[in-house]
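Here the structure is laid out as structure tokens; the discussion comes afterwards.
The values are calculated or read from the model by the stated rules, or taken from the named source; none is laboratory data. What you see is a predicted model, and the numbers here were worked out from it, not measured in a lab. Counting neighbours? That spans all protein chains shown, and the Cβs are built from the backbone with ideal geometry, glycine included.
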Amino acid sequence: MSYLRNFVSSRCLFHHSILPSVNTSACWHGSRTRLFSTTKISMTIMPAWVIDKYGSNDVLRFTRNASFPVIIYPNEVIVRVHSAGLNPLDVSMRGGYGAATMSMKRDPLNIKQSGSEFPLILGREASGVIMECGLDVKHFRERDEVWAAIPPWKQGSLAEFVVLSANEVSHKPKSLSHVEAAAIPYVATTAWSALVNTGGLSKDNCAKKRILILGGSGGVGTFSIQMLKAWGAHVTVTCSQNAERFVRGLGADHVVDYTAGAVEEPLRALEKFDLILDNVGGDTELWALNLLKPWCGAKFVTLVTPFLQNTDRMGIADGMMKTAATVATKALKHLVKGVHYRWGFFAPSGPALDEVREMVDAGQVRAVVEETFSFSQVPQAFEKMEKGHARGKTVVQISRGGDDL
């Protein structure tokens, strides 16, 4: 029944221009009349970039025969993707990073065979138009323009359509194009999870707080600078010298060049911080926590954690035990020094994107798109991502939109 409902209503919404159609009929929904294709093949498949195994860039494969997404739960929506944002996580997932944890999330009872996630569609950000709503969806309707950050255990946005839970979706900012909107959701929800959920910051308590962002010129860093400045914080950023003008243009108050030598030396000369957001990892935590104000509730929040590496290497049970022991040990070690050590994680959230949308439309946050690629250039987009040293986001334009609306 669910498949039949998707089969009929999806055609009432869109005509696939990419696939051949045999006949066109009219579908009435309320007072509106829409065209739909009656070609059976266009109702069951879609174009997408997939991987059939983990590996380097050559595992990326374009297909016109990817399975069309189907609504299974009543709180889900199908979104036609106009643009998809890429992140370093996509490159890591292409190589198998987090595969053990993602497999457990997709199949908690371990019923399916190994490799059942393939063909896998990458892409953690999407901006597009709702094609269909599940029966329990109340806050969205067909044709709404939306944006979303996609959980890594779900099929991604490098396809013409994607199915998502309604609580992962938010109405797109009216001031942004789809290309611009696709550059924000993943980095915004990651920053929101780290700074708000884990760090305890908000627009009401952020004024005059001193924040240090280690690695500020990437996607999460550039969004965090803008959000924190909108909330009245003083923001210090580490980045390379050639990115200084870029991050200052986003609002950074003080910039430290990590290419000029040991970055901890100039940072020690500054007033201590209320919160540090670490996008770098490595040996950073060996010295960075000494930059926090002791016994004032100051926090060090790192987004570079060994959680997925532990589960990939040791298995789910042992990896989680190892992870729990590690974070507990580090938290206790630093707590006795008067500072808090925390791990931050990406957490998809439609409500968080609602808050971000208001900031975007108010002109407090802007999209930072470094380069845009066409749908046929996905491998080139991944190659660009692998080079690193980003000055903003890489976006893939899936569909130009308009004709089907």
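Listing for the model above:
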| read-out | value |
| --- | --- |
| Residue match in segment 93-115 (condition: surrounded by fewer than 19 Cβ atoms within 10 Å (Cβ to Cβ), closer than 28 Å to GLU142 by Cα and either modelled with pLDDT under 95 or charged (D, E, K, R) (or both)) | yes |
| Test: residue in segment 314-337 that is of a type in the set (Asp, Glu) and in contact (Cβ under 8 Å) with a residue 24 or more places away in the chain | no |
| Top-ranked residue of segment 213-242 - restricted to ones that are of a type in the set (A, V, I, L, M, F, W, C) and out of contact with any Asp or Glu (no Cβ under 9 Å at 6 or more places or on another chain), ranked as farthest from ASP278 (Cα to Cα) | ALA230 |
| Identity of the residue in segment 177-220, modelled with pLDDT under 95 and among the small types (Gly, Ala, Ser), that ends up farthest from ASP90 (Cα to Cα) | ALA207 |
| Which listed residue, of GLY156, GLY123, is at positive phi, touching a Leu at 6+ places or on another chain (Cβ under 6 Å) and in the same structural domain as PHE62 (by TED's automatic domain parsing) | GLY123 |
| 1 or more residues more than 22 Å from the chain's Cα centre (by Cα), surrounded by fewer than 24 Cβ atoms within 10 Å (Cβ to Cβ) and not charged (D, E, K, R): qualifying strands (runs of 3 or more DSSP E) within segment 179-271 | 234-239, 254-257 |
| Residue satisfying all of: in segment 127-163; assigned to a loop (DSSP other than H, G, I, E, B) and free of Cβ contacts under 8 Å to residues at least 40 places away in the same chain; surrounded by the most Cβ atoms within 10 Å (Cβ to Cβ) among these | LYS154 |
| Filtered residue count, segment 276-295, keeping only those that are over 11 Å from THR236 (Cβ atoms), among the hydrophobic types (A, V, I, L, M, F, W, C) and in contact (Cβ under 8 Å) with a residue 40 or more places away in the chain | 5 |
| Of all residues making up segment 171-210, the number that are without any contact (Cβ under 8 Å) to a residue 60 or more places away in the chain and touching an Asp or Glu at 6+ places or on another chain (Cβ under 6 Å) | 0 |
| Only one of VAL327, VAL356, VAL365 that is surrounded by 13 or more Cβ atoms within 10 Å (Cβ to Cβ), hydrophobic (A, V, I, L, M, F, W, C), in a helix (DSSP H, G or I) and more than 16 Å from the chain's Cα centre (by Cα) | VAL327 |
